[in-house]
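First comes the structure, then the notes that go with it.
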């Protein structure tokens with residue numbers, strides 16, 4: 001007998017498909033039914049279903065920790081702490097045990113290497129008039145990462161509201177998602193993009209004419225939590241899927257897809273540079289150190 005779990009996620013199709021394929025090899029009696037959309041659309045769907053009386057998802061995987069916190073407060077999540085959560089930094093795990101981070105996703109600057117643009121080395125540089133009408137950015141109405149970035153930039157010293165206003169005055173092109181930002185820059189339709197790191201590095205690996213700049217001020221980041229919906233009727237199967245995401249194999253897949261893994265015993269892809277991450281973070285009291293020699297989560 002086959003058990004079906006319904007997964008709502010903002011993961012790109014080719015990435016989540018690989019994860020599901022690996023999971024079902026270990027769990028042939030479980031079928032994963034997928035609904036994929038940007039985080040903003042996922043939240044709208046869940047709200048509509050909640051109003052109708054039944055959230056259809058069994059598992060939610062999306063890059064928006066505040067939404068998971070709100071759902072926890074609303075009683076929409078099932079309390080479950082995976083065994084491997086003990087390996088993670090304590091602030092990657094909800095202290096009440098309702099959700100847990102699965103990846104670390106920084107935002108960086110990318111640029112088209114054929115465009116002759118002087119690579120910007122800081123967020124502050126993007127407010128310079130030389131970047132007027134040359135920047136692409138994901139819509140904060142659709143992308144949870146983009147919305148989070150705006151909040152972080154507003155409270156970052158040397159940036160703040162004046163910088164956001166100057167960036168807006170440069171009239172950036174607002175794209176549907178981070179993936180679209182990467183495609184626009186790779187195609188030369190925009191010379192510079194504000195984009196999640198994994199999108200940029202994946203395009204570079206495919207041979208796109210893209211360079212990556214890790215801003216000197218640091219990168220805002222999201223953690224893509226996962227949680228089980230409280231109304232699920234297949235909790236045991238849902239727990240197995242959550243367990244797989246945090247397993248060494250699941251995290252190795254994440255690393256191979258250019259994400260930063262949350263397990264300290266799984267390394268990012270070879271060649272990943274040192275990166276400074278901006279506080280405050282999606283989960284409180286967390287600091288992360290990543291350099292060329294090690295991948296470590298430290299208090």
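The values are calculated or read from the model by the stated rules, or taken from the named source; none is laboratory data. The shown structure was predicted, so the numbers you read here are calculated from the model rather than taken from an experiment. Positions of Cβ are backbone-derived with ideal geometry, glycine not excepted, and every protein chain shown enters the neighbour counts.
Descriptive notes on the structure:
- The set of residues in the range 67-109 being over 25 Å from residue 237 (Cβ atoms) and surrounded by fewer than 18 Cβ atoms within 10 Å (Cβ to Cβ) consists of 70, 73, 90, 95.
- Residue check: residue 113 meets all listed conditions (1) at pLDDT 95 or above; (2) in contact with a strand residue (DSSP E or B) (Cβ under 7 Å, 6 or more places away or on another chain); (3) closer than 29 Å to residue 248 by Cα but one, namely (3).
- Answer residue from the range 24-50, given it is within 25 Å of the chain's Cα centre (by Cα) and in contact (Cβ under 8 Å) with a residue 60 or more places away in the chain and is surrounded by the fewest Cβ atoms within 10 Å (Cβ to Cβ) among those: 41
- Filtered residue count, the range 3-21, keeping only those that are more than 22 Å from residue 105 (Cα to Cα) and surrounded by 14 or more Cβ atoms within 10 Å (Cβ to Cβ): 3
- Flag for residue 271 being under 28 Å from residue 119 (Cα atoms) and in the same structural domain as residue 66 (by TED's automatic domain parsing): yes
- Listed by position, the helices (runs of 4 or more DSSP H) contained in the range 139-186 that have at least 2 residues being at pLDDT 95 or above are 160-169, 178-186.
- Residues considered: 254, 227, 237. Of these, the only one that is assigned to a strand (DSSP E or B) and in the same structural domain as residue 98 (by TED's automatic domain parsing) is 227.
- Residues in the range 204-224 that are part of a helix (DSSP H, G or I) and either more than 21 Å from the chain's Cα centre (by Cα) or free of Cβ contacts under 8 Å to residues at least 40 places away in the same chain (or both): 204 alone.
- Any hit, the range 149-164, residues being surrounded by 23 or more Cβ atoms within 10 Å (Cβ to Cβ) and touching a helix residue (DSSP H, G or I) at 6+ places or on another chain (Cβ under 8 Å): no
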